[in-house]
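A.B. asks: Questions regarding the structure given below will be posed in turn.
The values are calculated or read from the model by the stated rules, or taken from the named source; none is laboratory data. The structure displayed is predicted, hence computed values, not measured ones. Heads up, the Cβs are rebuilt from the backbone with ideal geometry, glycines too, and the neighbour counts pull from every protein chain shown. These accessible areas exclude ligands, DNA and RNA; they are computed on the full protein's heavy atoms, side chains included. Shrake-Rupley method; radii C 1.70, N 1.55, O 1.52, S 1.80 Å.
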Amino acid sequence: MFNCFVAQTMRLRGLSPRPLAILKSSSNATELSLQIVRICESETAQQLVLGLPLDKNGTETKQAEITREFASTLAITCLEYLGPIFSLWFWDERYTSKFAMARLQSTNHAGVDLSRTWIDADSACILLEDYYKENGQGAERINTLSSDDDVAICVKKWEERQALKQAELDAHNKQREISINARSEAMKQVIELEAQMNGTISTGKKKKNKVRKKTNHLDG
């Protein structure tokens with residue numbers, strides 16, 4: 001049973017990762033997966049690296065089993081919402097917390113209390129630093145769908161969502177075009193009305209001038 005998971009997602013500035021968000025869930029893996037997907041969408045991420053907690057000798061721990069169970073749900077959610085091009089990877093996260101603690105202590109000149117949040121945040125940074133330093137060599141691809149039929153179902157859901165998004169975008173653009181055209185037409189009518197009013201005023205002035213000239217001629 002998946003009880004709690006803390007996900008640290010990152011935005012890359014060149015090759016210097018920084019903490020982006022800490023997500024906590026005490027309910028279920030699906031809810032947390034959706035939170036992660038929403039961040040990936042907003043950040044236009046193309047891949048996700050998930051830390052795999054291994055023992056010192058490289059064997060998998062109980063927490064690694066829980067992580068793999070969560071990764072199954074995350075992989076399905078990512079495929080449904082982010083599509084088949086989006087990729088997920090496991091990366092060995094051994095010693096990242098210790099390295100994070102050491103790095104934070106060495107730069108903590110103000111004597112700030114280093115909470116678990118700070119350590120988790122920097123651990124996630126170190127995880128991505130290692131991943132990109134090794135160019136992803138040795139990473140394990142996360143692909144837990146059991147059959148091609150499962151993949152096809154997820155991809156179909158993604159395609160349906162993409163089609164719905166495109167339809168909403170087309171409708172928005174159409175409404176925007178209608179609004180722009182309506183505004184242009186209104187401005188055109190205003191310009192035409194102003195021109196008509198200016199023409200009427202000009203004609204009125206000419207008539208007045210003619211009347212004055214005729215009156216002057218009669219007086220003469």
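Residue-wise test of (1) of a type in the set (Gly, Ala, Ser); (2) under 30 Å from VAL151 (Cβ atoms).
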| site | (1), (2) |
| --- | --- |
| LEU82 | no, yes |
| LEU88 | no, yes |
| SER97 | yes, no |
| ASP120 | no, no |
| LEU127 | no, yes |
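A.B. asks: May I ask you to list the residues in the range 143-161 that are under 25 Å from the mean Cα position of the chain (by Cα), open to solvent by less than 100 Å² (accessible area, probe 1.4 Å) and of a type in the set (S, T, N, Q)?
C.D. replies: THR144
A.B. asks: Specify which of the listed residues (GLU177, GLU140, GLU134, GLU129) is within 26 Å of LEU23 (Cα to Cα), surrounded by 10 or more Cβ atoms within 10 Å (Cβ to Cβ) and modelled with pLDDT of 90 or more. Walk me through how you get there before you give the answer.
C.D. replies: Values: GLU177 fails: within 26 Å of LEU23 (Cα to Cα); GLU134 fails: within 26 Å of LEU23 (Cα to Cα); GLU129 fails: modelled with pLDDT of 90 or more.
Residue meeting the stated conditions: GLU140.
A.B. asks: Related question: Would you confirm, using the coordinates I've provided, whether THR96 is touching a strand residue (DSSP E or B) at 6+ places or on another chain (Cβ under 8 Å), surrounded by fewer than 19 Cβ atoms within 10 Å (Cβ to Cβ) and touching a residue at least 40 places away in the same chain (Cβ under 8 Å)?
C.D. replies: On the way: touching a strand residue (DSSP E or B) at 6+ places or on another chain (Cβ under 8 Å): yes; surrounded by fewer than 19 Cβ atoms within 10 Å (Cβ to Cβ): no; touching a residue at least 40 places away in the same chain (Cβ under 8 Å): yes.
No: the conditions fail for THR96.
A.B. asks: Residues of the range 30-62 being hydroxyl-bearing (Ser, Thr, Tyr) and under 17 Å from ASN143 (Cα atoms), which ones?
C.D. replies: THR30, SER33
A.B. asks: Name, by its number, the condition in (1) over 23 Å from the mean Cα position of the chain (by Cα); (2) farther than 20 Å from GLN35 by Cα; (3) open to solvent by 60 Å² or more (accessible area, probe 1.4 Å) that does not hold for LEU164.
C.D. replies: Among (1) over 23 Å from the mean Cα position of the chain (by Cα); (2) farther than 20 Å from GLN35 by Cα; (3) open to solvent by 60 Å² or more (accessible area, probe 1.4 Å), the lone unmet condition for LEU164 is (1).
A.B. asks: Okay, moving on. Check whether at least one residue in the range 143-151 is hydrophobic (A, V, I, L, M, F, W, C), in contact with a Leu (Cβ under 8 Å, 6 or more places away or on another chain) and closer than 17 Å to GLN46 by Cα, and report yes or no.
C.D. replies: Taking the range 143-151 as the starting set, the residues that turn out to be hydrophobic (A, V, I, L, M, F, W, C) are 145, 151.
Narrowing the set further to residues that are in contact with a Leu (Cβ under 8 Å, 6 or more places away or on another chain) leaves 145, 151.
Subset that is closer than 17 Å to GLN46 by Cα: none.
Checked the range 143-151: no residue is hydrophobic (A, V, I, L, M, F, W, C), in contact with a Leu (Cβ under 8 Å, 6 or more places away or on another chain) and closer than 17 Å to GLN46 by Cα.
A.B. asks: Now, a different point. Specify which of the listed residues (GLU168, GLU159, GLU185) is in a helix (DSSP H, G or I) and over 30 Å from PRO84 (Cβ atoms).
C.D. replies: GLU185
A.B. asks: Could you check the range 143-157 and list, in sequence order, the residues that are farther than 21 Å from PHE70 by Cβ and at pLDDT 85 or above?
C.D. replies: Of everything in the range 143-157, those that are farther than 21 Å from PHE70 by Cβ and at pLDDT 85 or above turn out to be ALA152, VAL155, LYS156.
Residues are listed down the side, and each one gets a yes or a no for (1) surrounded by 14 or more Cβ atoms within 10 Å (Cβ to Cβ); (2) over 19 Å from the mean Cα position of the chain (by Cα); (3) under 20 Å from ASN135 (Cβ atoms); (4) modelled with pLDDT of 90 or more:
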{"site": "LEU12", "(1), (2), (3), (4)": "no, no, yes, no"}
{"site": "LEU23", "(1), (2), (3), (4)": "yes, no, no, no"}
{"site": "SER27", "(1), (2), (3), (4)": "no, yes, no, no"}
{"site": "ALA45", "(1), (2), (3), (4)": "yes, no, yes, no"}
{"site": "GLU65", "(1), (2), (3), (4)": "no, yes, no, yes"}
